[in-house]
Amino acid sequence: MSIFTNNLVGETSPYLLQHAHNPVAWYPWGEEALGLAKKLDKPILVSIGYSACHWCHVMEKESFENEATASLMNKHFVNIKIDREERPDLDHIYMDAVQAIAGNGGWPLNVFLTTEAKPFFGGTYFPPVAAYGRLSWTEILENIAAAWQNRRAEIEAQASQLILHLQKANSIPMASTIVVASQTAVFSKTDCEEMASLILKTSDENWGGFGNPPKFLQTHCIKFLMQNAQIYDNANAKKHALFSLDKMLCGGIYDQLAGGISRYSTDEEWRIPHFEKMLYDNALLLATMSEAYQLSGDAFYKNRMAHTMRFLLSEMKSSDGGYFAALDADSEGVEGQFYIWGLDEILEILGDDGIRYAKWFNVISGGNMPDEHVEWKGKNVLHNTIGLNEFSIAEGIDVKEWEAKLHQCNELLLQRRNLRIRPATDDKILLSSNALLLHACASAFAATLDSTYFVAAEELYDFIEKRFKDTDGYFHTVSHGKGKYYAFLDDYAYYIQGCISLHEVTANDKYLRKAITLTDYVLQNFKDQSTALLCYTHEKQVDVVIRKVDMHDGATPSANAIMAHNLLYLGLLLSNNLYLVKASEMLQSMKPVITKYPQSFAAWCSSYQVLASGPIEIVVTGQQPEAFHHQILQQYMPTRILQVSSKASTWPLLTGKDFDRKSLAYVCRQQSCAAPVETIDEVLTLASNNFS
């Protein structure tokens, strides 16, 4: 590597390779760059983003491709480029630092570090000239360089104080005392009802979702509300959860032609998305739709599940079996260019059907995109705001006839769209996102019994074991067959969850044994000495300034929350008191903050709710348990722990059960089982009532 040349050409990350020919002397994160900063006594400039990030591309074109700006960066700094999806651990640390400094965060994330990699200043996007109330990027560079020369002691002190702040943030919300024995007093129905009420207070009653734009999916909140509705018969929770899903799935944020959902909506109506598509969002959406279908029985969700899965298989799946990280928002230099339409184009393709089709999707001659975006002038994003029955009556067409015609028109437009220049694909394969999809496919099979999901889940498990597994643990990312960076807590937590779900639907014990092995590994290698929670990084990882303990839900659910769920589930299934005590400690330590701010901790709230309402263990045995097994899978039972076997076993829940008959189901609570039953109605009756 050279001090004055770009050093990214050998990287595998699409994001880093996008910057491999900038005049900036970029380095990847590593000993070479960190050592150089110490040798030259220069501050470090870390710029973090990802390949599908629109404003990352903008800042690259404006600043990082500019020779004069690059010269200034190279003169005063050691410059490091990081793909946030390759190194989420570093992104979490430095994002927290920038949020503490500037009060907000996002990507691109630009943060300045001391030679010891401690942050002291940062921000997100900076314009090439002063604008939007922000200094220009060159002014920032010059000011930081001058401060490094003239106020070094002040910078070092500020960096040390910021590290102390980040360390304290790991434990600020924790309960000071934990009394595991008094679970009935700790986990209460009252708390669950209050958490649901607080989340609903932030709901958008007109358009669904929560809060103001930009509006993210927040599937963790939707999942919690659906669970709350089922457990406590909360009609308002059910109504808003399903209403939110409906609005998203009919909006422009959802790709009405090919399937799949974008990362967020820029407006309250889910109409104009930020067009990038992330694997994790679509995996979480698929899992949430699966529960919505179980809860409601509405075929709309089943159809959208199939539509989304088709998108994942056709556009996100690699040739060797894993699923890519993301699709870019931009093509031909314009965000959303691949997805938007002019009315004349639709009429030309669809002929006589075009006018009715345009009405259905709110396509107009002047375009339905925001006026301030000149590149979108006259263009439309497809979105639907009227129900099938209402539209069919207004148009004087039979509902089934219109559904068939709509499908035909969609396919014609999709064929034309596929001739366009496609957005770039971020072809990294991330364990965390693939593990979320593993869980989603298993959940989708449970809800529908469609073998497409079953096959996809088993194939994905095999891919993960083949490509991600290393001699000591798993890799976080695989790109072009090469594994990089050891896995983080979310990789393991989501993978354990996926293995549990796969064991539920297959009754194959190899998945359960894998979940147990991974859980023991996590407890051994990710423990935090000062809290009941788990660190984000492996204890042997040494290139981070602090070991963060992540608690909040972000775009994906909190890894600690998912681990608490995994420990609770496995603890009950295995009668493993170590797991149960750990899960209870984690949840109790988080109680003060999750009950006060449930929208930010909805994944925690879901596990809390399971404990408050009482988990239900269901055991299916017999010579031919498959049909009974599948009937149970299709039910929406969010507090269920399930084990199925056709033969006697040493697993605790299977001890002493009858395997001689065709099929039986045992419904158990707190290690006490009712008499075995033979029908799904009897199972549901027992599950909904206490028994002695």
Open item on the list: Name the single residue that is farthest from ALA25 (Cα to Cα) among those in the stretch 66-79 being without any contact (Cβ under 8 Å) to a residue 60 or more places away in the chain and touching a Pro at 6+ places or on another chain (Cβ under 7 Å).
Closed with: GLU67
- [ ] Could you check PHE454 against (1) buried (at least 16 other Cβ atoms within 10 Å of the Cβ); (2) at pLDDT below 95 and say which number it fails?
- [x] (2)
TODO: Could you tell me which residue of the stretch 394-407 is surrounded by the most Cβ atoms within 10 Å (Cβ to Cβ), considering only residues that are in contact with a helix residue (DSSP H, G or I) (Cβ under 9 Å, 6 or more places away or on another chain) and under 14 Å from GLN256 (Cβ atoms)?
DONE: LEU406
Task: Number of the exception - SER244 against (1) crowded, with 24+ Cβ neighbours inside 10 Å; (2) in a loop (DSSP other than H, G, I, E, B) - done: (2)
TODO: Would you mind finding the one in LEU249, LEU295 that is aliphatic (A, V, I, L, M) and either outside the structural domain of SER433 (by TED's automatic domain parsing) or over 28 Å from GLU315 (Cα atoms) (or both)?
DONE: LEU295
Open item on the list: Return the residues of the stretch 82-104 that are of a type in the set (Gly, Ala, Ser) and either buried (at least 23 other Cβ atoms within 10 Å of the Cβ) or in contact with a Phe, Trp or Tyr (Cβ under 8 Å, 6 or more places away or on another chain) (or both); say none if nothing qualifies.
Closed with: ALA97
Open item on the list: Checking the structure you have, find out if any residue of the stretch 266-279 is in a helix (DSSP H, G or I), touching a Ser or Thr at 6+ places or on another chain (Cβ under 7 Å) and of a type in the set (A, V, I, L, M).
Closed with: yes
Open item on the list: Take ILE231 and tell me if it is surrounded by fewer than 24 Cβ atoms within 10 Å (Cβ to Cβ), aliphatic (A, V, I, L, M) and closer than 28 Å to PRO615 by Cα.
Closed with: yes
Task: Single match in LEU512, LEU567, LEU580 (criterion: without any contact (Cβ under 8 Å) to a residue 24 or more places away in the chain and hydrophobic (A, V, I, L, M, F, W, C)) - done: LEU580
Open item on the list: Being touching a residue at least 24 places away in the same chain (Cβ under 8 Å) and either out of contact with any Leu (no Cβ under 7 Å at 6 or more places or on another chain) or within 25 Å of THR308 (Cα to Cα) (or both) is true for just one of TYR474, TYR461. Which residue is that?
Closed with: TYR461
TODO: Please specify each residue of the stretch 355-387 satisfying the condition of being under 35 Å from the mean Cα position of the chain (by Cα), at pLDDT 95 or above and assigned to a helix (DSSP H, G or I).
DONE: TYR357, ALA358, LYS359, TRP360
Task: Top-ranked residue in the stretch 288-345 [being assigned to a strand (DSSP E or B) and among the hydrophobic types (A, V, I, L, M, F, W, C); ranked as farthest from TYR50 (Cα to Cα)] - done: TRP341
Task: Single condition SER645 does not satisfy, out of (1) closer than 30 Å to ASP233 by Cβ; (2) modelled with pLDDT of 95 or more; (3) over 28 Å from the mean Cα position of the chain (by Cα) - done: (1)
Task: the stretch 461-520, residues that are among the β-branched types (Val, Ile, Thr) and in contact with a Lys or Arg (Cβ under 7 Å, 6 or more places away or on another chain) - done: THR477, VAL478
Task: Where ASP427 falls short, out of the listed (1) closer than 30 Å to ALA515 by Cα; (2) buried (at least 21 other Cβ atoms within 10 Å of the Cβ) - done: (2)
Open item on the list: I'm checking my understanding of the structure. Among residues of the stretch 280-333 that are acidic (Asp, Glu) and surrounded by 21 or more Cβ atoms within 10 Å (Cβ to Cβ), which one is modelled with the lowest pLDDT?
Closed with: ASP328
TODO: Kindly list the number of the only condition in (1) farther than 17 Å from ALA229 by Cβ; (2) crowded, with 22+ Cβ neighbours inside 10 Å; (3) touching a helix residue (DSSP H, G or I) at 6+ places or on another chain (Cβ under 9 Å) that fails for HIS630.
DONE: (2)
Open item on the list: Restricting to the stretch 398-421, count the residues that are more than 12 Å from TYR357 (Cβ to Cβ) and either assigned to a loop (DSSP other than H, G, I, E, B) or touching a residue at least 12 places away in the same chain (Cβ under 8 Å) (or both).
Closed with: 9
- [ ] Tell me, please, whether a residue that is touching a strand residue (DSSP E or B) at 6+ places or on another chain (Cβ under 8 Å), modelled with pLDDT under 95 and assigned to a helix (DSSP H, G or I) can be found in the stretch 46-54.
- [x] yes
TODO: Hand me the list of helices (runs of 4 or more DSSP H) wholly inside the stretch 183-232 holding 2 or more residues that are among the aromatic types (Phe, Trp, Tyr).
DONE: 219-232
Open item on the list: Quick check on GLN588: is it assigned to a helix (DSSP H, G or I) and either surrounded by 21 or more Cβ atoms within 10 Å (Cβ to Cβ) or among the aromatic types (Phe, Trp, Tyr) (or both)?
Closed with: yes
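The values are calculated or read from the model by the stated rules, or taken from the named source; none is laboratory data. Model, not experiment: these values are computed from the prediction. Heads up, the Cβs are rebuilt from the backbone with ideal geometry, glycines too, and the neighbour counts pull from every protein chain shown.
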